[in-house]
Amino acid sequence: MREILRVQKLGKNHGGYHGETIDLRAVLREIETSAAQLGWSMETFFETGGFKLMALHRQPSSIRNPQSAIRIYISAGIHGDEPAGPLAALKLIQGNRWPENAEIFLLPCLNPIGFTLNTRENPDGIDLNRDYRNAKSAEARAHLAWLERQPKFDLYLCLHEDWESHGFYLYEQNPDNKISLADQMIAAVQPVCPVDQSENIEGRAAHGGIIRPVVTPLDRPDWPEAFYLISHKARQGYTLEAPSDFPLATRVNALVAAVNAATELLVTDGHR
Ligand SMILES: [Zn+2]
């Protein structure tokens with residue numbers, strides 16, 4: 001018999017996120033400790049308000065043929081009212097389920113002070129995820145400088161939450177029509193978190209939790225991180241949106257399931 005997922009909306013979010021918050025300092029400490037134990041290297045590319053903006057790097061475990069490494073970029077915590085992202089980063093590190101030839105670049109929290117304030121924006125009121133074209137914020141400028149020093153990625157994954165959504169959904173950017181990972185990511189999320197089946201999400205056409213927006217970054221002045229990534233660093237990527245009106249553990253599990261599915265699929269022959 002098929003099990004039915006029984007997770008209900010909490011009904012807490014009216015006009016913004018009013019759910020659980022996290023002790024970000026403690027989460028980042030745990031991320032640092034776990035990453036060090038599992039052999040990741042760590043670079044601090046910016047410091048703000050006593051927080052380090054960290055980039056974690058995991059070499060492929062099989063280094064027989066470095067050219068065959070598949071580079072995957074994962075970022076979280078650009079919006080300070082979306083705690084599932086940094087928690088998912090921690091769980092992904094501790095879960096350690098990376099395909100052996102995957103090279104991972106993981107940025108666990110891009111807006112640490114936003115988390116201490118439980119605000120989407122940074123302390124100056126800037127939505128960092130609209131600041132990747134002509135960056136005004138010190139955080140985005142430092143992140144862009146770090147990105148410019150990195151190789152191209154085969155895939156990007158940006159971890160987010162949406163306080164209004166009825167379930168998990170994702171945005172796909174795939175301008176070269178590579179084999180889509182979207183259906184299988186949704187299938188992997190379904191057993192752990194409801195999927196938003198709305199036909200319109202955030203004003204865009206959606207189908208089965210997947211939005212494939214037609215975007216022309218050059219027409220937009222206010223680039224989200226994903227626009228910079230698709231324009232300069234990767235030719236395929238996904239913005240993952242966990243539904244923040246559901247229990248925090250459910251949202252973390254949703255993001256982790258989607259990331260694991262994407263990384264496993266990408267290293268399978270034919271998905272590159
Ligand atoms: Zn977000």
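The values are calculated or read from the model by the stated rules, or taken from the named source; none is laboratory data. The structure presented is a predicted model; accordingly, all values stated were derived computationally and were not measured. Cβ placement follows ideal geometry from the backbone for every residue including glycine, while neighbour counts extend to all protein chains displayed. Side chains are part of the model used for accessible areas, which takes the heavy atoms of the whole protein and leaves out ligands, DNA and RNA. Shrake-Rupley method; radii C 1.70, N 1.55, O 1.52, S 1.80 Å.
Okay, residues lined up against (1) without any contact (Cβ under 8 Å) to a residue 60 or more places away in the chain; (2) open to solvent by 10 Å² or more (accessible area, probe 1.4 Å); (3) in contact with a Phe, Trp or Tyr (Cβ under 9 Å, 6 or more places away or on another chain):
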{"position": "GLU20", "(1), (2), (3)": "no, yes, no"}
{"position": "GLU30", "(1), (2), (3)": "no, yes, no"}
{"position": "GLY39", "(1), (2), (3)": "yes, yes, no"}
{"position": "THR48", "(1), (2), (3)": "no, yes, no"}
{"position": "SER61", "(1), (2), (3)": "yes, yes, yes"}
{"position": "SER68", "(1), (2), (3)": "yes, yes, no"}
{"position": "PRO86", "(1), (2), (3)": "no, no, yes"}
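Just checking: which of the strands (runs of 3 or more DSSP E) contained wholly in region 49-165 hold 3 or more residues that are away from the ligand (no atom under 16 Å from the Cβ)?
Those strands (runs of 3 or more DSSP E) span 51-58, 70-76, 102-107.
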Checklist entry - Can you tell me which of ALA140, ALA135 is under 18 Å from ARG220 (Cβ atoms) and under 17 Å from the mean Cα position of the chain (by Cα)? => result ALA140
Checklist outcome for this item: Of (1) open to solvent by less than 20 Å² (accessible area, probe 1.4 Å); (2) out of contact with any Gly (no Cβ under 7 Å at 6 or more places or on another chain); (3) over 23 Å from ALA261 (Cα atoms), THR116 fails just (1)
Checklist outcome for this item: Here the qualifying pairs (Cβ atoms under 6 Å; residues six or more apart or on different chains; first in region 209-225 and modelled with pLDDT under 95 and part of a helix (DSSP H, G or I); second hydrophobic (A, V, I, L, M, F, W, C) and buried (at least 16 other Cβ atoms within 10 Å of the Cβ)) come out as PRO217/PHE227
Next on the checklist: Based on this model, can you work out whether THR44 counts as more than 19 Å from ALA257 (Cα to Cα) and surrounded by fewer than 16 Cβ atoms within 10 Å (Cβ to Cβ)?
Outcome noted: yes
Checklist entry - Which of the residues that make up region 78-113 are modelled with pLDDT under 95 and of a type in the set (S, T, N, Q)? => result ASN101
Next on the checklist: Considering only region 175-187, I want to know if a residue exists there that is within 16 Å of the ligand (Cβ to nearest atom) and surrounded by fewer than 21 Cβ atoms within 10 Å (Cβ to Cβ).
Outcome noted: no
Checklist outcome for this item: Filter region 84-122 for residues that are in contact with a strand residue (DSSP E or B) (Cβ under 7 Å, 6 or more places away or on another chain) and of a type in the set (Phe, Trp, Tyr); the one that is nearest to ARG71 (Cα to Cα) is PHE105
Checklist entry - For region 221-239, which residues satisfy the criterion of being in contact with a strand residue (DSSP E or B) (Cβ under 6 Å, 6 or more places away or on another chain) and under 11 Å from ASN174 (Cα atoms)? => result ILE230, ALA234, GLN236, GLY237, TYR238
Item to check | Members of region 119-138 that are in contact (Cβ under 8 Å) with a residue 40 or more places away in the chain and open to solvent by less than 10 Å² (accessible area, probe 1.4 Å) | outcome: ASN122, LEU128, ASP131, TYR132
